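J.: I am attaching a structure below and will ask some questions about it afterwards.
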Number of protein chains: 2
Amino acid sequence: MSHTCGIREARKRKSRRALLDAALGLLEDQSLSSLGLRELTRVVGMAPAAFYRHFRDMADLGVALVEESLGSLQGMIRAILAERDGDEERIDAVMEAVAEHVRRHPTHIRFIARERHGGVRPVREAIGAELGLLVDEVAAAFAPRLTPAGWPPEDVRMLAELYVDRMVTTATAFMEAQEDERERERIADTARKQLLLISLGRRHWRDA
Amino acid sequence: MSHTCGIREARKRKSRRALLDAALGLLEDQSLSSLGLRELTRVVGMAPAAFYRHFRDMADLGVALVEESLGSLQGMIRAILAERDGDEERIDAVMEAVAEHVRRHPTHIRFIARERHGGVRPVREAIGAELGLLVDEVAAAFAPRLTPAGWPPEDVRMLAELYVDRMVTTATAFMEAQEDERERERIADTARKQLLLISLGRRHWRDA
DNA sequence: CATTCCAGTAAACAGGTGTTCGCCGACCTT
DNA sequence: AAGGTCGGCGAACACCTGTTTACTGGAATG
């Protein structure tokens with residue numbers, strides 16, 4: 001362990017990254033269940049057999065993509081909600097963050113949208129689990145205010161689901177708008193209104 | 001045209017139906033872009049070439065499935081919203097109808113959920129267009145009350161999108177619950193609350 | 001009744017697929 | 001400097017793919 005340079009591990013990481021990136025590229029106009037192993041390795045420029053050094057199968061690669069796509073989002077949302085107070089500020093900040101995230105990682109978002117109900121069970125379940133954690137995060141952010149006001153935990157969660165689902169839908173819409181900046185702004189405006197309307201409903205909930 | 005029995009057309013319709021049904025079955029655990037022509041005709045029991053007598057390609061079959069899956073829904077929603085008045089009644093009636101529809105056509109719903117953002121562009125666009133018409137329908141049902149109250153058309157539409165999106169999400173959740181009746185009831189309860197919360201937000205919208 | 005029509009067939013084409021095998025050779029260890 | 005580790009390679013395995021071709025036989029036509 002004296003003159004270890006980590007060259008070996010670095011090369012392996014690089015190959016793995018190349019596979020993931022090539023997959024994200026190919027998945028722009030097809031779904032995971034139709035993505036071929038040879039098709040993928042051909043794009044990367046490696047032998048088909050080399051794939052197995054990194055992933056058991058395509059589903060395995062898909063799960064890795066899910067973690068990489070949704071893993072960072074959780075902390076991001078938590079930070080935003082913790083720092084801000086008041087609905088409008090929170091909504092504006094989240095919208096900004098989501099828009100920026102989609103702008104930076106469009107292929108990841110496309111992948112999530114496509115495979116959320118896609119044909120590969122392990123991937124579907126991984127996405128479901130990850131989005132569930134996001135709902136928990138949002139629920140936890142609202143609980144301190146709502147629980148004392150008499151909200152049962154299940155109602156807090158149903159609210160959080162509403163928020164998260166809208167975020168996901170909006171992110172998908174952003175992605176589909178591609179480069180069209182006018183369209184993106186229109187989507188953002190609509191989404192802000194929708195989140196605001198939900199927040200309005202939340203404030204009058206206990207009266208019903 | 002004297003002794004025409006329509007036997008010919010009837011046989012063709014039957015074959016076409018067999019293809020569509022077999023496709024719905026195979027699409028339960030894969031997506032359209034990975035569904036093979038031979039795989040499909042093998043299940044039906046016909047020669048691969050016979051497929052071309054009915055559809056140009058798989059995308060064409062997919063679009064046909066979209067129309068059959070979503071075509072009837074439009075009129076259904078219109079009728080329900082026209083007959084009822086008051087949020088809770090409307091919500092209960094729609095939830096009942098959606099639950100029943102999913103119970104009767106689970107494979108169709110799965111197909112729509114899977115291909116809504118799937119890898120086949122024409123199918124994606126067909127679903128988008130059909131859901132757009134549904135949004136129009138809902139918007140038209142609310143416009144008579146909201147427009148006189150000062151709602152601009154774009155806001156009516158953003159509300160309709162909120163409602164429709166929630167319906168689609170709920171339908172998907174119903175389908176994923178499969179046979180579990182307890183889970184279905186839980187989903188219905190949550191969805192009713194969410195729709196109610198949105199309606200609550202709607203009633204207080206003009207104040208903001 | 002002869003004829004046209006046309007859904008469905010079988011066969012062949014030119015590819016493509018996932019997976020396994022033994023092997024090489026550069027990195028890492030001792 | 002010798003030997004082990006392991007990411008990547010090339011070849012072979014058995015099989016599946018979409019599409020075109022010329023054809024058959026029962027229904028529709030006049």
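The values are calculated or read from the model by the stated rules, or taken from the named source; none is laboratory data. These numbers were taken from a predicted model, which means no experiment stands behind them. So basically every Cβ, Gly included, is an ideal-geometry build from the backbone, and we count neighbours across all protein chains shown. Please note that ligands, DNA and RNA were not included when accessible areas were found on the heavy atoms of the full protein model with its side chains. Shrake-Rupley method; radii C 1.70, N 1.55, O 1.52, S 1.80 Å.
J.: Scan the stretch B:27-42 for residues that are near DNA strand D (Cβ under 10 Å from one of its atoms), in a helix (DSSP H, G or I) and in contact with a Leu (Cβ under 9 Å, 6 or more places away or on another chain) and jot them down. Walk me through how you get there before you give the answer.
T.: Here is the first cut: in the stretch B:27-42, the residues near DNA strand D (Cβ under 10 Å from one of its atoms) are B:34-42.
Then drop every residue that is not in a helix (DSSP H, G or I), which leaves B:34, B:37-42.
The answer is B:S34, B:E39, B:L40, B:T41.
J.: Here is a follow-up. Anything in the stretch A:57-90 that is modelled with pLDDT of 95 or more and hydroxyl-bearing (S, T, Y)? List them, or say none.
T.: The one that is modelled with pLDDT of 95 or more and hydroxyl-bearing (S, T, Y): A:S69.
J.: So, one more: Condition test on B:D60, is it more than 21 Å from A:V120 (Cβ to Cβ), open to solvent by 30 Å² or more (accessible area, probe 1.4 Å), within 16 Å of DNA strand C (Cβ to nearest atom) and not hydrophobic (A, V, I, L, M, F, W, C)? Steps first, please.
T.: Working: more than 21 Å from A:V120 (Cβ to Cβ): yes; open to solvent by 30 Å² or more (accessible area, probe 1.4 Å): yes; within 16 Å of DNA strand C (Cβ to nearest atom): yes; not hydrophobic (A, V, I, L, M, F, W, C): yes.
Yes, satisfied.
J.: Next up: Scan the stretch A:149-162 and give yes if some residue there is more than 13 Å from every other protein chain (Cβ to nearest Cβ), touching a residue at least 24 places away in the same chain (Cβ under 8 Å) and farther than 30 Å from A:L65 by Cα, otherwise no.
T.: Yes, the conditions are met somewhere in the stretch A:149-162.
J.: Quick one: in the stretch A:197-208, of everything that is at pLDDT 95 or above and surrounded by fewer than 18 Cβ atoms within 10 Å (Cβ to Cβ), which residue is farthest from the other protein chains (Cβ to nearest Cβ)? Spell out how you get there, then give the answer.
T.: So the first thing to find is which residues in the stretch A:197-208 are at pLDDT 95 or above, and the list is A:197-205.
Subsequent filtering for residues that are surrounded by fewer than 18 Cβ atoms within 10 Å (Cβ to Cβ) retains A:203-204.
Details: A:R203: 8, A:H204: 5 Å.
Among them, the one singled out is A:R203.
J.: Restrict the check to the stretch B:79-102 and report whether at least one residue is more than 24 Å from B:E185 (Cα to Cα), touching a residue at least 24 places away in the same chain (Cβ under 8 Å) and more than 16 Å from DNA strand D (Cβ to nearest atom).
T.: yes
J.: When you go through B:S15, B:S31 one by one, which is the residue that is farther than 30 Å from A:L32 by Cβ, surrounded by 11 or more Cβ atoms within 10 Å (Cβ to Cβ) and not basic (K, R)?
T.: Details: B:S31 fails: farther than 30 Å from A:L32 by Cβ.
Criteria check complete, one pass: B:S15.
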